[in-house]
Every structure is written in C-alpha cells, then in structure tokens.
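Below is one structure, written out as structure tokens; comments come after it.
Nothing in this text is a laboratory measurement; each read-out follows from the coordinates by a stated rule. None of the values given here were measured: they were computed from a predicted structure. With ideal geometry, Cβ positions are generated from the backbone for all residues, glycine too; neighbour counts draw on all protein chains shown.
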Amino acid sequence: MRIGVLSGGGDAPGLNAVIRAVTKTAIFKYGWEVTGIIDGFEGLLSPTKTRQLTSWNTRGILFVGGTILGTTNRGNPFAHKTTVNGKEIIEDMSPLVLNNISELGLEALVVIGGDGSLKIAHGMHKLGVPVIGVPKTIDNDLDATFVTFGFQTAVDTATEALDKLHTTAESHQRVIVLELMGRYAGWIALEAGISGSADVILIPEIPFNMEKVAEKLLERKKSGSKSSIVVVAEGAKAVGGEMAVREKAKDGYVLRLGGMGEIVGSEIGKRTGFDVRVTVLGHLQRGGSPCPFDRLLATRYGAAAVELLAQKKYGEMVSYQPPDIKSVPLASAIDALRLVDPEGDLVKMAEGLGVNFGR
Ligand code: F6P
C-alpha cells in the first residue's frame, strides 16, 4: 500500500512529529510506502510536488518546528484562485486532484490540518478518496478533540513572554499589553494569561468594555501595584465593536487579524494616563520546537492515523479523548468550533482570583 501525507493550513509545533510517526508506523509496522505531499493540497495540483518519505529522511525531526513538507493556508482545490490577465478566477480543481492522487498511486491520504484543511479533506472523502484527518491548530479551536497539538507549545511560549514582560513592566511602573494569537477562540490568551499571571485577559468569546478594564487597572494602582499586564487575543473585540482586521479576501473572508493590542493599549493610556507599552507575540507562537506534551500527542496522532488506515476506517479524524486516542467522523469534527465558555470553570476561577475579562 502507498499512502500520502500532507500538512495544510498554518503551521503548528508538532507537524514534523506527526509526519515522522505516520512514516515510521506505516513502514515498520505495515511495510507500506509513504509519499509526502509538498505545500499542502497545492502539491496535488499539476505539476504535483511530492517526495518519498523514509525512516531515514524523517530521522531527527521529532523536535524540529515547522513542517518538512511545507504548508499553505491559501490553497483550497475546491475553490482554487488563479489570476488570468489581471483577473482573479476561482475554479474547482478537485477533478484534477483526484486524477493526480490516482496517478501518484496513492491509496489513501493523511491530512494534518485545522478547520479549513479538514473541511477540504472531508470534501475529498465525499468524492471517494480514503482520507484520515489529524487535528492541528495552535488555537485549539476544534471541538471534536480534547486538544490539538501545537497549542501547548504556544501556551508555553506566551507564558514565557509574560514572565519576561512582568519584570520590565515592574521596573518602569508600566502597563504592558501583550497581543496573542486566537482568531475565534481565546484559549491561548486564557491559559497563558492565567499561567503568566495577567491582570486583564480579553478574549473573543467575552466582548470587553474598556471602562471596566480601565477601572481594574486604576484600582490596582490605588492598592499599590506598580505595574499591570493585559493579555489580548487578536480576535477580541469590544462590546458592539469589530475584530481588528488587517487583510480581507474579496469575498469578505478574514485573511489576517492584528492590531487589537494597539487599540486596547491606546485606550488604556487615554483613560488612565498610565505609561503603556504594547508587544505583539505573533508567529513566535507558531514556531520553534514542540514541547514534550505536543511531541507525544503528535506522535500518538500520527501512529493512530495509520492504525485507522489499516482498519480501513476512512473519513475519520483522530481525536484525543483522555487518556485514549480515539476517532470521530470528519463530518462531525468540522462542525463545531471549540470556544471558551464565558461562564465556564476556567473563566470563573480566574475571575475569583481577581482577573478582569473586561466585563
Ligand atoms: O489559526 C492559527 C493562527 O495562528 C491564528 O491564530 C492566526 O489568526 C492565524 O493562524 C495567522 O495566520 P497567518 O500565518 O496567515 O498569519
């Protein structure tokens, strides 16, 4: 049997660990051949871009960030964009992709991706391609799994940044705002914010009121705190306000967020008169070596994906349901986003400790 593996969407620490686990399990346990597809679904267009994966060329990548296969978060074969004579054309390239999968001799496909790539994988499966999904996103916003790989590393990176910001904020008696990733779900901001002892945490699920934020910071000053730390998820928005969008596609789809940290920082300055600085952690959260938790989870996911292929359980996604790795139908996996519950245990616990969510 020959299987293909690809990584789609934004990268996340642990992608290489999945690729390695898929390759090793397929080769050592089942004697299959593994073809790596370059640059996500783009690699299945013409000319195809692939490389043979072996136990040798996947050696030493468990702890390496990024993906040896490359990825893209802008290539959807069902709505492929090309520019002809300066005009953007959107075409359904799925028949070409199906043809190329068969030309490459691929009998099944492992798709490592977030919401967008898993939707494409599901579409491929509906067209008859035997597909297994592996959930990936640092945002941890897929409901069908307890956690996606890459998330814990992002939380570690963000927490380390907060530890460092505390010391400089205290020296200068400043308010420091840290903007973190989190498009629709505020998990990174919430978990890093609590672990990094932020005073204010603003997340997409709880629209914020700037007055409440300013009140909290003024109160802290009054009670003797020299500095404060405010964490803002990039997708956070004020009550009745909008997300800070940097780039939109022609169809209105939000391609890039960013800037909410600056907006919040400048509002804080105006309302309190405090000396405010803003840091945007950005793609540092996506890069670097996966933490041990993510290495293990990604390895378990990769191996489990091959086991599902061996059982011919196509159209499933591996899912972590502690303590086991199980599977769920891809159709259900792409249905719902995993969002922070504004009245849930974590938020309530943090509020009990005095953390302000801008409400
Ligand atoms: O989905 C993961 C994510 O990191 C989001 O938090 C963020 O909005 C987006 O990717 C950034 O993507 P890009 O690499 O296109 O800037």
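Applying the selection to the range 71-85, what residues are hydroxyl-bearing (Ser, Thr, Tyr) and not in a strand (DSSP E or B)? Before the answer, list the steps.
Taking the range 71-85 first, the residues hydroxyl-bearing (Ser, Thr, Tyr) are 71-72, 82-83.
Scanning the range 71-85 gives Thr71, Thr72.
Could you pull out the residue among Glu91, Glu107, Glu103 that is closer than 27 Å to Lys250 by Cβ and surrounded by fewer than 24 Cβ atoms within 10 Å (Cβ to Cβ)? Every option except Glu91 fails the conditions. Residue count for the range 71-100 satisfying the condition of being free of Cβ contacts under 8 Å to residues at least 24 places away in the same chain, farther than 17 Å from His125 by Cβ and touching a Phe, Trp or Tyr at 6+ places or on another chain (Cβ under 6 Å): 0.
Can you name every residue in the range 280-314 that is under 30 Å from Arg174 (Cβ atoms) and either more than 16 Å from the ligand (Cβ to nearest atom) or small (Gly, Ala, Ser) (or both)? Reasoning before the result, please.
Let us first name the residues in the range 280-314 that are under 30 Å from Arg174 (Cβ atoms), namely 280-288, 291.
Of everything in the range 280-314, those that are under 30 Å from Arg174 (Cβ atoms) and either more than 16 Å from the ligand (Cβ to nearest atom) or small (Gly, Ala, Ser) (or both) turn out to be Gly282, Gly287, Gly288, Cys291.
Reported count of residues in the range 12-70, each being among the β-branched types (Val, Ile, Thr) and either in a strand (DSSP E or B) or free of Cβ contacts under 8 Å to residues at least 24 places away in the same chain (or both), is 4. Number of residues in the range 123-163 that are in contact with a strand residue (DSSP E or B) (Cβ under 9 Å, 6 or more places away or on another chain), part of a helix (DSSP H, G or I) and within 13 Å of the ligand (Cβ to nearest atom) equals 2.
Filter the range 169-196 down to residues that are in a loop (DSSP other than H, G, I, E, B) and farther than 30 Å from Gly116 by Cα and give me whichever is nearest to the ligand (Cβ to nearest atom).
Going through the range 169-196, the residues in a loop (DSSP other than H, G, I, E, B) turn out to be 173-174, 181-186, 196.
Subset that is farther than 30 Å from Gly116 by Cα: 173-174, 196.
Working: Gln173: 31, Arg174: 26, Gly196: 18 Å.
Filtering first and then ranking leaves Gly196.
Within the range 305-324, does at least one residue satisfy the condition of being out of contact with any His (no Cβ under 9 Å at 6 or more places or on another chain), of a type in the set (Ser, Thr, Tyr), within 30 Å of Ala198 (Cα to Cα) and touching a residue at least 40 places away in the same chain (Cβ under 8 Å)? Yes, there is a match, as at least one residue in the range 305-324 is out of contact with any His (no Cβ under 9 Å at 6 or more places or on another chain), of a type in the set (Ser, Thr, Tyr), within 30 Å of Ala198 (Cα to Cα) and touching a residue at least 40 places away in the same chain (Cβ under 8 Å). For the residues Leu165, Leu202, Leu127, the requirement of being crowded, with 24+ Cβ neighbours inside 10 Å, aliphatic (A, V, I, L, M) and over 14 Å from the mean Cα position of the chain (by Cα) singles out Leu202.
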